[in-house]
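**Student:** Would you mind keeping the following structure in view while I ask a few things?
The values are calculated or read from the model by the stated rules, or taken from the named source; none is laboratory data. All of these numbers come straight from a predicted model, not from anything done at the bench. With ideal geometry, Cβ positions are generated from the backbone for all residues, glycine too; neighbour counts draw on all protein chains shown. Quick note on the areas: whole protein, heavy atoms, side chains included, nothing else; ligands and nucleic acids left out. Shrake-Rupley method; radii C 1.70, N 1.55, O 1.52, S 1.80 Å.
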Amino acid sequence: MKLYLVLAMRKPSFDDAVIAPHIAFLNALDAKDQLHLTGGFSDGTGGAYVLKNIETLEAAKAIVAADPLALHGSSELIIHEWNTR
């Protein structure tokens, strides 16, 4: 199974108002069985999530582009195809 690691690092202009829409976005991915893991960093600098059941890196990028964190420019989102063992 291909997995895609998405690092979401907060920008200085981060707005807490984007948290609820981001969580709703993640819940929608989970409902479609496309979310493997998610969580925030303990230091408050951001978090990460892992996508699953996505065919290509391009498809993963398209999904992440719809994340409210990206749409509002609150976080820098970095996507990696993740080879786990």
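**Student:** Skip the ligands, DNA and RNA, and give the accessible area per residue of the chain with a 1.4 Å probe, whole Å².
**Tutor:** Dividing the accessible area of the chain by its residue count gives 61 Å².
**Student:** Just the number, please: carbon plus sulfur as a percent of the accessible area of the chain, 1.4 Å probe, no ligands or DNA/RNA counted.
**Tutor:** The value for the chain is 55 percent carbon and sulfur by accessible area.
**Student:** What list of ³J(HN,Hα) couplings, whole Hz, do you get for segment 35-52 from phi and the Karplus terms 6.51, -1.76, 1.60, once you set θ to phi - 60° and write x for glycine and proline?
**Tutor:** These are the phi-based 3J(HN,Hα) values: 10, 9, 8, 7, x, x, 7, 5, 8, x, 7, x, x, 8, 9, 10, 8, 9 Hz.
**Student:** Run down the aspartates and glutamates and flag those whose C-alpha is under 20 Å from the C-alpha of Lys11, throwing out any fewer than 8 positions away in its chain.
**Tutor:** List returned: Asp43, Asp67, Glu76.
**Student:** Counting only residues 5 or more places away or on other chains, whose amide H sits under 5 Å from the amide H of Lys11 once H atoms are built in the peptide plane?
**Tutor:** Amide H neighbours of Lys11: Ser75, Glu76.
**Student:** The list (1) 35, 23, 20; (2) 72, 17, 15; (3) 64, 34, 23 gives values of Cα extents along the principal axes in Å, and only one came from this structure; which label was calculated from it?
**Tutor:** Calculated Cα extents along the principal axes in Å: the matching label is (1).
**Student:** Let me check against my output: what whole-number percent is the relative contact order of the chain, with C-alpha pairs under 8 Å and at least 6 apart?
**Tutor:** It rounds to 49 percent for the chain.
**Student:** Place a point 7 Å from Cα of Ile79 in the direction of its Cβ. Which residues in segment 6-35 have their backbone N less than 20 Å from it?
**Tutor:** What the label zone holds, given the 20 Å backbone N cut-off, is 6-11, 21-35.
**Student:** Helix-derived [θ] at 222 nm for the chain: sum -39500 (n - 2.57) over DSSP H runs of at least 4, divide by residue count, nearest 500?
**Tutor:** Taking each H run of at least 4 residues, the total per residue is -8500 deg cm²/dmol.
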